[in-house]
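Rule-based calculations on the coordinates, nothing more; no lab input. All values derive from a computational prediction rather than experimental measurement. Methodologically, a virtual Cβ is constructed for each residue, glycine included, from the backbone with ideal geometry; neighbour enumeration extends over all protein chains shown.
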Amino acid sequence: MRTVISRRPALIALAMLAIGALPASGQAQGRDPAYAAAREAGQVGEKPDGYLGTIGAVPPQVKKLVEDLNIKRKAVYAEKAQAQHVTIEDFAFTTGCHQISRTEPGEKYQGPDGAWHVRTAGPALRDARCP
Amino acid sequence: MNRDELTQPAVLAIVDRDKERTAVMGQYGGRYEEASGRRGLGAECGPVAMRGLVAMVSGCVALAGCVTVNAPAKPIVIELNINIKQEVVYRLSGEAAKTIDENKGIF
């Protein structure tokens, strides 16, 4: 007996899969799940100098993760800064400004006073030199 | 006045072009000419003290390769690091946003 698979339910199932795979928020991106989890838990936060920082006592694997990410970030900054004929610090600072603006509510970031803040729905506390 | 009295070499001074100088002054002595009573512009002779001002020309004989020393006409501008950063940050803003979008995994 030949089994006929109706086309319509198959298409609906496929569409549901595709929707399910879409990112829940604009910033979900291609992040490492461990990184995303640490960020959500408030263990890792954005710093105004363009790098990541750990908050409080964190497990060693999170520390290592943050170090790896910072090294990768620095490599990208170095490349871009050279193309723009600016210092790495300047480029990193500018990127840090943007990153802090893009933090989701609930994530942690470091303000210009050096203290860690939790991002609210309103604008983030940023350095006066940020654009 | 002889060579031994020159304790230190003198600094290059303005070449006195009005008077034809044919004497060449080596840095550590040698022949020299005395500019009797006339002071050259910006001439410096260091700790050497002698009667009148001695204008010394080094490395230039009858050639046109004479070096003149002048004070800068415009004041020296010093830019503070903090100001440079502000300008730069505005300029880099677009590029920074693009960098974040291109490297989503690490940001």
*Take the cross-link list A:LYS47/A:LYS80; B:LYS74/B:LYS98; A:LYS72/A:LYS108; A:LYS74/B:LYS74 and give me the ones stretching past 29 Å between alpha-carbons.*
B:LYS74/B:LYS98; A:LYS74/B:LYS74
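Would you tell me the mean number of C-beta atoms belonging to other protein chains that fall within 10 Å of each C-beta in A:75-81, as a whole number? It would help to have the intermediate numbers written out before the result.
Details: counts 2, 6, 2, 0, 1, 7, 3.
That average works out to 3.
Give, as a single signed number, the net charge of other residues whose beta carbon lies under 12 Å from the beta carbon of A:VAL66, with Lys and Arg counted +1 and Asp and Glu -1.
Details: positive: A:ARG39, A:LYS47, A:LYS63, A:LYS64, A:LYS72, A:ARG73; negative: A:ASP32, A:GLU46, A:GLU67, A:ASP68.
In short, +2.
Show me the ranking of peptides A:30-38, A:84-92, A:112-120 by mean Cβ neighbours inside 10 Å, starting with the highest.
Numbers: A:30-38: 14.2, A:84-92: 18.3, A:112-120: 12.3.
Result, highest mean Cβ count within 10 Å first: A:84-92, A:30-38, A:112-120.
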*For peptide A:63-74, compute the average count of partner chain beta-carbon atoms within 10 Å of each residue's beta-carbon.*
1
_Please compute the average number of Cβ atoms from other chains found within 10 Å of each residue's Cβ in peptide A:121-128._
0
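Local charge sum around B:ASP101 (other residues, Cβ-Cβ under 15 Å, Lys/Arg +1, Asp/Glu -1)?
Values: positive: A:ARG31, A:ARG73, A:LYS80, A:ARG102, B:LYS98, B:LYS104; negative: B:GLU95, B:GLU102.
Result for the local shell: +4.
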